[in-house]
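S.K.: Got a structure here, written out as structure tokens. Questions coming.
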Amino acid sequence: AKVSHPLLFDRLVGAAIARKHELSPQEVSNILWSYSASGIVESSLFAAMAPRVMTLLKHCSCQHIANIAWSYAVANVDSHGLFNKPFTNALLERMDSFNVAQFSQLYQWHIWQKEENSYTGLPLVFERRCYEVFTSLNPTISLLQRNVSSVLRSIDLVPKEEEVTQKGYSIDALVEVKGKKVGVEVDGPSHFIGRKPTGSTILKRRQVANVEGIALVSVPYWEWDELGQDLSKKQNYLRSLLGIR
């Protein structure tokens, strides 16, 4: 897992807000992305940066716009009118220039807009393109994930591995417990900074739960590792996690 530096981020907030009118598109994008990617939500920072983003919008590159949109989606804070017609127009003007990662970021931003019942979002043709890119990324099934799925089967569950949801998210293992679908996410080191989830992990968990209506449970790698090779302990761990007695 990556290393967290919360005190550094705390100190940067005031300085960034105080100098926001001096910041370039690259600097604004980098600051917002750094906080969101680290899973750190500073509402005052995002609120203060929204007007600055509006004034810089025409100077923003594809990377700047995608990072900014994704960062607000992760932070899940009031954008103070930032995402409006001019913003979607800026997206459309650059539609043929976004790369795979940026299309995926914008798709998650679009889901966030729908999550918030906003009238702003991607035009249908843009949404379809983003969805196609988002769902075209082939997931890698780790040994950890295979092990968890194997133990799920040993307790008489039938996990569907890398099950794709209606919105395009891939769930590590989807099982049915007491008549309800539950997603089991096997979270390795890349999903955490220290022991706290990254922005990507936070966003996926929230959107799958809120938009898809699928409850998610997490199997953090360190908790699984602590169980060693004891099958009985692993079975009991999963039963407890899923509320199975």
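The values are calculated or read from the model by the stated rules, or taken from the named source; none is laboratory data. Predicted model, so just to flag it, every value in this text is computed and none were measured. Note that each Cβ is placed from the backbone with ideal geometry, even for glycine, and that neighbours are counted across all protein chains shown. Just so you know, the surface numbers come from the protein's heavy atoms only, side chains and all, with ligands and any DNA or RNA stripped out. Shrake-Rupley method; radii C 1.70, N 1.55, O 1.52, S 1.80 Å.
Here is a yes/no grid of residues against (1) modelled with pLDDT of 90 or more; (2) out of contact with any Lys or Arg (no Cβ under 8 Å at 6 or more places or on another chain); (3) part of a loop (DSSP other than H, G, I, E, B); (4) open to solvent by 10 Å² or more (accessible area, probe 1.4 Å):
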residue: A48; (1), (2), (3), (4): yes, no, no, yes
residue: V53; (1), (2), (3), (4): yes, yes, no, no
residue: L56; (1), (2), (3), (4): yes, yes, no, yes
residue: A66; (1), (2), (3), (4): yes, yes, no, no
residue: S71; (1), (2), (3), (4): yes, yes, no, no
residue: F83; (1), (2), (3), (4): yes, yes, yes, yes
residue: L91; (1), (2), (3), (4): yes, yes, no, no
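S.K.: Mind telling me which of the residues T201, T120 ends up being part of a helix (DSSP H, G or I), open to solvent by less than 40 Å² (accessible area, probe 1.4 Å) and either in contact (Cβ under 8 Å) with a residue 24 or more places away in the chain or closer than 22 Å to V100 by Cα (or both)?
M.R.: None of the others qualify; the one that does is T201.
S.K.: What's the number of the only condition in (1) open to solvent by 60 Å² or more (accessible area, probe 1.4 Å); (2) in a helix (DSSP H, G or I); (3) farther than 27 Å from N67 by Cβ that D156 fails to meet?
M.R.: (2)
S.K.: Output the number of residues of region 181-198 satisfying the condition of being modelled with pLDDT under 95, part of a strand (DSSP E or B) and either basic (K, R) or in contact with an Asp or Glu (Cβ under 8 Å, 6 or more places away or on another chain) (or both).
M.R.: Residues flagged as modelled with pLDDT under 95, part of a strand (DSSP E or B) and either basic (K, R) or in contact with an Asp or Glu (Cβ under 8 Å, 6 or more places away or on another chain) (or both) within region 181-198 amount to 1.
S.K.: If I ask for residues that are buried (at least 18 other Cβ atoms within 10 Å of the Cβ) and in a loop (DSSP other than H, G, I, E, B), which ones from region 128-143 would you list?
M.R.: none
S.K.: Take F87 and decide whether it is more than 18 Å from Q207 (Cβ to Cβ), open to solvent by less than 10 Å² (accessible area, probe 1.4 Å), of a type in the set (F, W, Y) and free of Cβ contacts under 8 Å to residues at least 40 places away in the same chain.
M.R.: Against the criterion (more than 18 Å from Q207 (Cβ to Cβ), open to solvent by less than 10 Å² (accessible area, probe 1.4 Å), of a type in the set (F, W, Y) and free of Cβ contacts under 8 Å to residues at least 40 places away in the same chain), F87 qualifies.
S.K.: Follow-up. Name the pairs: first residue in region 145-172 and in contact (Cβ under 8 Å) with a residue 60 or more places away in the chain, second residue open to solvent by 60 Å² or more (accessible area, probe 1.4 Å) and aliphatic (A, V, I, L, M), Cβ to Cβ under 8 Å, at least 6 apart or on different chains?
M.R.: V151/L231; S154/L231
S.K.: Search region 30-45 for residues being more than 17 Å from the chain's Cα centre (by Cα) and under 21 Å from N84 (Cβ atoms), and hand back the single one that is surrounded by the fewest Cβ atoms within 10 Å (Cβ to Cβ).
M.R.: Applying the filter and picking the extreme gives S43.
S.K.: Please indicate, with yes or no, whether at least one residue in region 214-229 is assigned to a helix (DSSP H, G or I), crowded, with 16+ Cβ neighbours inside 10 Å, β-branched (V, I, T) and modelled with pLDDT of 95 or more.
M.R.: Checked against the condition, which is being assigned to a helix (DSSP H, G or I), crowded, with 16+ Cβ neighbours inside 10 Å, β-branched (V, I, T) and modelled with pLDDT of 95 or more, region 214-229 yields no hits at all.
S.K.: Continuing with the same structure: Kindly indicate the residue of region 93-111 that is among the aliphatic types (A, V, I, L, M) and buried (at least 22 other Cβ atoms within 10 Å of the Cβ) and also nearest to M49 (Cα to Cα) among those meeting that condition.
M.R.: Out of the qualifying residues, it is L106.
S.K.: Within region 149-160, can one find any residue that is in contact with an Asp or Glu (Cβ under 7 Å, 6 or more places away or on another chain) and farther than 30 Å from I31 by Cβ?
M.R.: For region 149-160, residues in contact with an Asp or Glu (Cβ under 7 Å, 6 or more places away or on another chain) and farther than 30 Å from I31 by Cβ: present.
S.K.: Also, I was wondering about something else. With the structure loaded, tell me whether Q113 is out of contact with any Asp or Glu (no Cβ under 9 Å at 6 or more places or on another chain), among the polar types (S, T, N, Q) and under 18 Å from T201 (Cβ atoms) or whether it fails that test.
M.R.: no
S.K.: Which of the residues belonging to region 69-108 are farther than 17 Å from P25 by Cβ and aromatic (F, W, Y)?
M.R.: Answer for region 69-108, where residues must be farther than 17 Å from P25 by Cβ and aromatic (F, W, Y): F103, Y107.
S.K.: Additional query: Please list, ordered by first then second residue, the pairs with beta carbon atoms under 7 Å, 6 or more apart or interchain, first in region 90-115 and closer than 17 Å to H59 by Cα, second assigned to a loop (DSSP other than H, G, I, E, B) and not hydrophobic (A, V, I, L, M, F, W, C).
M.R.: Hits for this filter: L92/P123.
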